[in-house]
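Every number here is computed from the coordinates shown, using simple stated rules; none is lab data. Since the structure is predicted, the reported quantities are computational estimates derived from the model, not experimental observations. No Cβ is skipped: glycine too gets one built from the backbone with ideal geometry, and neighbour counts run over all protein chains shown.
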Amino acid sequence: MNSNSFALPDQEIAAPFNRSRLWRAAIVWGLATFFYFYDNLLQVSPSAMKPELSLAFASTAEQFGSLSAYCLYAYGIMQIPAGLLMDRFGPRRLLTFACICCALGSLMFGIATTLGEAKFGRVMIGVGAAFALIGCLKIAHHWFPANRFALMTGLSATVGFLGAVFGLSTVSKVIEILGWRASMQWGGVAGLLLSVLLWVIIKNDKPNGHGHVLSPHAKTVNSRELLAGFGEILKHKQTWCAALYAGLMYVPTLAFGGLWGIPFLQEAHGFDRATAGVSISLIYVGWACGAPFWGFISDYYRRRNTPMMVATLATLAICLALLYIHPLSLGTLNVLLFTLGFFSSSFILAFAVVRESTRPQNAATAIGFTNAINTFGGAIAQPIIGKILDMNATANGVGEATVERVFNLSQYQHALISLPIALAMSFCLLLFLKETYCQGRK
């Protein structure tokens, strides 16, 4: 096999899934998902830094939203190249490179003196983070049985989003002790150490005799055929429908959970930062519980669309309750935030739909395309919400460089109406999605 080709997954022969391979698969997959944990921590960290970042860079709400969104823009743009490269070169080299990018981005963000430098650091984090989930799913595809792919997708999301839980609940406290700059700088050092572990432990991209073994008659695919496969994906209506559904369904997590949730609880409901961080982190705890649950339910009943429909309607109802039921006790609020994450995590089934609707040799590219569309929804929503808030801004403080804009409940309700609108649109898209019955293409 030459350096310009690789074996097609549908041309591979599955060897017995023995105990030795199980442990090796768990270690390789576990380390990859820990990188996903790390990049999620970095992605949500600005949510806990709104006062400090607003003062450090004299930023408006729209600029604060844009600063966070630069990571998502880079993440989304890189999904297609990341998928192509992952299909071409495999997880080991790319996950190591990606972790180094995240680490350097965190260091750059921590030492930034201008908004432009901070945005560049966020771009680097986004470029590295783009490879995390694709790498996890590529490893799951090669190392685990095919009929457990949806479950492994859910488990990958669980481990990854625990990083967001840690970022929201713990980083808020760390910032108060070390300051936001030192916190990001130490995060960069941790990433450099993790990149060494990725290179050392993920020695092989495939099981090599303990799992999927290459057939001597395996067909190879070159870069031109990979690009042709991408063109095939772009023409597939099912992939577009599933990707757009995922993008809209993910808006509450990225726009609210990932950025505006902590400021919303602080400014509109009067919670302190530590309490707000812990409460918003429950969205990701809900994700950690819900993602494998929906994967298991979907695999067990051999249905994709029905679970997504039920969960989407539940997410819409919960989102409306969060915005418009007032006052809410802390206990009720926490239950709503947990269930918001639990039900919204069902959109991971869209990745299974895409994989089952796509030829196996285009699997990572199709997943990358879906994740790109999935990310752009939140990337667009974050600064738009900030722009709407700015239009109704009330500024406190003296001097442009020291102004921190604070918003009330009605202003947040007006800006965050985009969340239930996105969810309603996502449900409509499900009506056009064909049921795959968990059957993949050959």
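In which sequence would His141, His326, His269 go, from the one with the fewest C-beta neighbours within 10 Å to the one with the most? Kindly include the intermediate steps, with their values, before the conclusion.
Values: His141 20, His326 11, His269 17.
In order of increasing Cβ crowding within 10 Å: His326, His269, His141.
Does the stretch 337-383 come out rounded, prolate or oblate, given a ≥ b ≥ c as the square roots of the eigenvalues of its C-alpha gyration tensor, rounded meaning a/c under 1.5 and, failing that, prolate meaning a/b above b/c?
oblate
Cα centroids of the stretch 58-130 and the stretch 257-293: how far apart, whole angstrom?
Value for the Cα centre distance between the two parts: 23 Å.
Quick one: Cys99, Cys71, Cys438, Cys319, fewest Cβ neighbours within 10 Å first, how do they rank?
If I rank by nearby Cβ atoms, fewest first, I get Cys438, Cys319, Cys99, Cys71.
How big is the shadow of the Cα convex hull of the stretch 47-195, averaged over all directions, in nm²?
So the mean shadow area of the Cα hull is 9.0 nm².
Which of the pairs Lys138/Lys203; Lys138/Lys434; Lys119/Lys173; Lys119/Lys387; Lys138/Lys237; Lys173/Lys387 have their Cα atoms more than 21 Å apart in this structure? Mind dumping the intermediate values first?
Details: Lys138/Lys203 15 Å; Lys138/Lys434 24 Å; Lys119/Lys173 24 Å; Lys119/Lys387 18 Å; Lys138/Lys237 23 Å; Lys173/Lys387 28 Å.
Where the Cα-Cα span goes over 21 Å, the pairs concerned are Lys138/Lys434; Lys119/Lys173; Lys138/Lys237; Lys173/Lys387.
With charges only on Cβ, +1 for K and R and -1 for D and E, what is the dipole size of the chain about its Cα centre, in debye, rounded to 20? Numbers along the way, then the final one.
Details: 30 positive and 19 negative charges, 301 e Å.
So the magnitude is around 1440 debye.
Could you check how many percent of all C-alpha pairs in the stretch 224-282 are farther apart than 16 Å?
The proportion of pairs with Cα distances above 16 Å equals 60 percent.
Please compute the length gained on full extension between Leu313 and His414, using 0.36 nm multiplied by the number of residues separating them and subtracting their Cα-Cα distance.
So the extension gain works out to 34.2 nm.
Based on a Kirkwood Rh over C-alpha pairs, give the Stokes-Einstein translational diffusion coefficient of the stretch 275-424 at 25 °C and viscosity 0.890 mPa s in µm²/s.
140
Tell me which DSSP H helices of the chain clear both cut-offs, 15 Å or more of axial length from alpha-carbon atoms and a mean Kyte-Doolittle hydropathy of at least 1.0.
Length and hydropathy pass: 91-111, 149-169, 180-201, 305-324, 330-344, 418-430.
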